[in-house]
Amino acid sequence: MGFVFQQFIDEVPIYACLNCQAHITRKASVISRTFQGRLGRAYLTESVVNEKLGKNEDRLLMTGLHTVRDLHCRCCNTLLGWKYIRAFDKAQRYKEGRYVLEQDANSADIDGDFAPKP
């Protein structure tokens, strides 16, 4: 099976996988905290680390039809959100190449002591 290469973010605060604490993104990378995910509130972010992407899938979301790929934690395979590949509506194209992280279900908020907040 082999080893899983894990990247670490040496800047805090960050968001991490709730299941295994693998680093996912810097809080400074979050573009919007007002997105709606499948499970509730979500964040739009410009970059992530330790990601594993699913296959392209056309999905009808609240803002129209998009091609997306499910975003999983590379270390434990937990579903974290999705990546926008293509937006069919020109007004939504700013999302292309960006990620949505489900806030409550899959991302732990980690501050400078690198321990999850309750």
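The values are calculated or read from the model by the stated rules, or taken from the named source; none is laboratory data. In this text, all values refer to a predicted model and were calculated from it rather than measured experimentally. So basically every Cβ, Gly included, is an ideal-geometry build from the backbone, and we count neighbours across all protein chains shown. Quick note on the areas: whole protein, heavy atoms, side chains included, nothing else; ligands and nucleic acids left out. Shrake-Rupley method; radii C 1.70, N 1.55, O 1.52, S 1.80 Å.
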**Study point:** Unsatisfied cross-links (Cα-Cα over 21 Å) in the set Lys27/Lys95; Lys27/Lys83; Lys27/Lys55; Lys55/Lys95
**Key:** Lys27/Lys55
Check your understanding: Considering only DSSP states other than H, G, I, E and B, which GluC sites (Glu not before Pro) in the stretch 1-92 qualify as loop sites with at most 14 other Cβ atoms within 10 Å?
Key -> Glu11, Glu46
Check your understanding: In the full protein assembly as shown, how much of Tyr94 is accessible to a 1.4 Å probe, in Å² to the nearest 10?
Key -> 110 Å²
Point to revise | Orientation-averaged projected area, Cα convex hull of the chain (nm²) | key: 7.5 nm²
Check your understanding: Where does the chain land at 222 nm, in deg cm²/dmol rounded to the nearest 500, when only DSSP H runs of n ≥ 4 count, each adding -39500 (n - 2.57), divided by all residues?
Key -> -500 deg cm²/dmol
Point to revise | Spin-label pair Thr67/Gln6, simplified geometry with 7 Å Cα→Cβ offset, distance in nm | key: 3.4 nm
Check your understanding: Between Gln103, Gln21, Gln92, which gets the highest mean-square fluctuation from a Gaussian network model of the chain, Cα cutoff 10 Å?
Key -> Gln92
Review point. Percent of accessible area on the chain owned by carbon and sulfur, 1.4 Å probe?
Key: 51 percent
Check your understanding: Residue-wise, which Karplus ³J(HN,Hα) couplings in Hz belong to the stretch 46-60, taking 6.51 cos²θ - 1.76 cosθ + 1.60, θ = phi - 60°, and x for glycine or proline?
Key -> 8, 8, 9, 10, 6, 9, 10, 9, x, 7, 4, 8, 7, 9, 8
**Study point:** Residue (of Gln21, Phe88, Leu39) at the positive-pole extreme of the chain, dipole from beta-carbon charges
**Key:** Phe88
Check your understanding: With every protein chain in place, what's the accessible area of Thr34 (1.4 Å probe, Å², nearest 10)?
Key -> 120 Å²
Study note, to complete from the structure: Order by accessible surface, 1.4 Å probe, largest leading, for residues Phe5, Phe88, Phe35 comes to Phe5, Phe88, Phe35
Check your understanding: Comparing Gly37, Gly81, Gly54, which has the greatest mean-square fluctuation in the GNM of the chain with Cα pairs linked when under 10 Å apart?
Key -> Gly54
**Study point:** Amide N of the stretch 77-92 lying under 11 Å from the label point, which is placed 7 angstrom from the Cα of Lys52 along Cα→Cβ
**Key:** 77-79
